[in-house]
Every structure is written in structure tokens, then in C-alpha cells.
Amino acid sequence: MGAVALAFGMVAIPHGASAAEATTTPARYVRQACAALNNWNNTSDNDSALLKALDANKKSPRSTRQALVALYAKNVKATDKLIAATKATGIPRLADGQQVASDYVQTLGDIRAAYTQRRKRRSRVPPRPVALH
């Protein structure tokens, strides 16, 4: 988080945004983006406890797979909230503020895509093992 704040703080150059773009100060952008990221990160902390519980219970492969699919679905939803909160923050008033905001949202979208891919992969039922005689 500090690196994000540092990066925005060092390039705080106002730019002329169109009236259609919601802009905000770099400091406010960083505060709100970090707060949204912190909320999202708290979801990940809860996930760690769930994974430890799965490991401790030694559940069946099927129930473990179902729990992982639910976990990935939860992470997709949490990431959607993070993306929405980040977009609602607006564009930081910087020379390249539009690019900064766009790149950050793209990175969050990449994280969402990874969770979605993992959820889909875990949703598929693996082939039955072939019995060797």
C-alpha cells in the first residue's frame, strides 16, 4: 500500500480532465483505493482460515473441490466489489491519471480472471480413475 501511495504522491501534477470524468485528488484516490484493497484483503485473510480448516478436516476430494469452488466464487464477488469501489473513486488528478486508474483496474480485472479460471477448473468433475487389474 505504501508503494502505491508513494507513487501517486510523487507525480501529483494536475491535469485538465473533461467534465464527464469524475476526478479526485491523488491523496483521496490513494486513501480510497487502499481502503477498498484493505477490505478485499480481509476477505483473503478469512480464506486462509477456511483453507486451514479444510486441511485439518481431511474432507473427501469431492467436498474439498466444492469448498474450493465456493471459495473462488467468493473471491470473484469480493474482487467485483473491489473493482466497483475503485472505479467509483474516480480518476486521480495527475498528468497521466486516466492511465494510472485504467492500469490499476486492469490489474484487478486480471486477478478476477484468475479466480474465475480457477473456479471453472475446479468445477469440472475429474475423470474417474481407471482400475488396474
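Please treat every number below as a calculation from the coordinates, not as lab data. Computed from a predicted structure; not experimentally measured. Cβ sites come from the backbone with ideal geometry, for glycine too, and all protein chains shown count toward neighbours.
Apply the Karplus curve 6.51 cos²θ - 1.76 cosθ + 1.60, θ = phi - 60°, to the phi angles in segment 39-50 and return the couplings in whole Hz, x for Gly and Pro.
Working through the residues one at a time gives 4, 5, 5, 4, 4, 5, 4, 5, 5, 4, 5, 5 Hz.
Based on a Kirkwood Rh over C-alpha pairs, give the Stokes-Einstein translational diffusion coefficient of segment 25-64 at 10 °C and viscosity 1.306 mPa s in µm²/s. All intermediate terms of the calculation are to be shown ahead of the outcome.
Details: Rh = 12.3 Å.
The estimated diffusion coefficient comes to 130 µm²/s.
Using the count of nearby Cβ atoms within 10 Å as a rough guide to exposure, how do LYS87, LYS120 rank from fewest to most?
On the way: LYS87 15, LYS120 11.
Final ranking by Cβ density, sparse to dense: LYS120, LYS87.
Along the three principal axes, how long is segment 24-123 when you take its alpha carbons, biggest first, rounded to the nearest angstrom?
For segment 24-123, the Cα spread along each principal axis is 54, 22, 14 Å.
Please list, in chain and number order, the residues 5+ apart from ASP96 or on another chain whose amide H is under 5 Å from its amide H, with Hs placed from the backbone.
Amide H neighbours of ASP96, under 5 Å, 5+ apart: none.
What residues have an amide H closer than 5 Å to that of THR24, excluding those fewer than 5 places away on the same chain, when H is modeled at 1.01 Å from N in the peptide plane?
Placed amide hydrogens put ILE91, ARG93 under 5 Å from THR24.
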